[in-house]
Amino acid sequence: MDTSVTCTVPFRFGRRIGDAWACPHCGRKWVVDSNMHDSHLPFGDYTWWTEIERPGLAGKLFGPRRVRATRFQEEPPAADRARMQTLLHLFASLGLPREMVFALYDHNPAAELAYHGAAHGVATAARAIDFATASALGEENIRPLAVAALFHDAGYVPGDSEDDNLARAVAFTLTHGAEYGQAAAALIPETRFPHTDPSSIVGAVLQDADLLQCFDTDRDRWIRAYKTETGKPALLDFPTLDMLHTSRARQYRARAH
């Protein structure tokens with residue numbers, strides 16, 4: 001029996017004791033088990049464990065062997081950890097399950113993309129909640145908006161058509177969006193690029209939150225990421241103020257200069 005463990009487990013921030021993750025390659029299940037944790041902090045001394053069946057009599061006498069993970073994904077940049085912390089707090093305040101945020105990393109094949117990866121989804125969701133709150137949209141609108149913003153680029157494949165990428169994001173949202181999946185999936189087409197006129201104020205907020213990635217606090221990183229992923233330089237003045245729909249988004253862009 002092969003008892004080797006070669007999985008590279010996910011980054012650890014934001015996890016709680018008992019959280020589980022299944023390796024997408026071998027299916028092995030890992031569980032967080034640590035005496036040091038804080039569910040509201042995006043970092044910490046978390047430990048992933050798995051169980052391996054012992055062969056023969058040893059297995060009958062002692063049960064499975066517990067193995068601690070030794071291979072970890074690289075820790076994300078500090079700005080990503082801060083955005084994750086912010087989003088976990090926002091999701092908690094809205095009553096949204098934090099497992100949705102982790103799903104964007106754990107189950108999204110595009111999670112590691114330089115620009116359209118999971119970190120962009122987290123940043124877009126945090127901005128969308130901020131803009132929607134400033135626009136007094138109400139939690140009944142903000143919840144599906146937050147889920148749509150989080151998942152709008154899930155499954156993204158650089159170079160594929162907008163239709164294919166949107167379809168993958170919609171499918172991901174329906175699978176991982178829980179009770180908000182249907183409503184959030186209906187908002188995903190608002191992110192079609194180039195953007196068309198939004199169909200509602202909720203769609204307008206979603207478009208604004210998506211467009212402003214390169215005006216975040218670490219904008220140089222995103223400008224480089226866009227070129228890395230697309231092969232094209234990012235336009236430094238895009239979006240212009242007149243392209244944005246909400247006053248909060250215009251303020252956000254103005255602060256970057």
- Rounded to the nearest 10 degrees, what's the angle between the helix 78-94 long axis and the longest principal axis of the chain, both from Cα atoms, 0 to 90? 80 degrees
- Say each of A178 and D218 gets a label point 7 Å from the Cα, pointing the same way as Cα to Cβ; how far apart are those two points in nm? 2.7 nm
- Task: Determine, at each q value in 0.19 (inverse angstroms), the log₁₀ of I(q)/I(0) that the Debye formula gives when each Cα of the stretch 32-174 is one equal point scatterer.
- Result: -1.13
- Query: Where in the chain lies the longest segment free of GluC sites (Glu not before Pro) that are both loop residues by DSSP (not H, G, I, E, B) and have at most 13 other Cβ atoms within 10 Å?
  - Reply: 113-257
- Near K29, which lysines are there with a Cα under 30 Å away, not counting those fewer than 8 places off in the same chain? K60
- Rounded to the nearest 10 degrees, what's the angle between the helix 201-211 long axis and the longest principal axis of the chain, both from Cα atoms, 0 to 90? 70 degrees
- Message: Let me understand the stretch 150-224 better: what is its radius of gyration from the alpha carbons, and its Dmax, in angstrom?
- Response: 12.9, 37
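Can you check what the net charge comes to around H120, using other residues whose Cβ is under 9 Å from the Cβ of H120 (Lys, Arg +1; Asp, Glu -1)? Present the calculation step by step, with values, prior to reporting the outcome.
Numbers: positive: none; negative: D153, D210.
Combined, the nearby Lys, Arg, Asp and Glu give -2.
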- Could you work out, for the chain, what percent of all Cα-Cα pairs fall into each 10 Å distance bin, beginning at 0 Å and stopping at the bin that holds the largest distance? 7, 29, 34, 18, 8, 3, 1, 0
- Item | K29 versus F62: modelled label distance in nm, points set 7 Å from Cα along the beta carbon direction | 2.2 nm
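So for the stretch 206-257, what are the equivalent ellipsoid semi-axes in whole Å, largest first, each being the square root of 5 times an eigenvalue of the Cα gyration tensor? Intermediate results must be reported in sequence, preceding the final value.
Details: eigenvalues 78, 24, 16 Å².
One finds semi-axes of 20, 11, 9 Å for the stretch 206-257.
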- Message: Once you keep just the Cα pairs under 8 angstrom separated by 6 or more residues, what percentage relative contact order results for the chain?
- Response: 13 percent
- Query: Between L96, L212, L235, which gets the highest mean-square fluctuation from a Gaussian network model of the chain, Cα cutoff 10 Å?
  - Reply: L235
- Item | Spin-label model distance (nm) - A171 vs A78, 7 Å beyond Cα toward Cβ | 4.0 nm
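Read the figures in this text as sums done on the coordinates, not as results from a lab. Remember, it's a predicted structure, so these values are computed and weren't measured experimentally. FYI the Cβ positions are ideal-geometry reconstructions off the backbone, even for glycines, and counts take in every protein chain you see.
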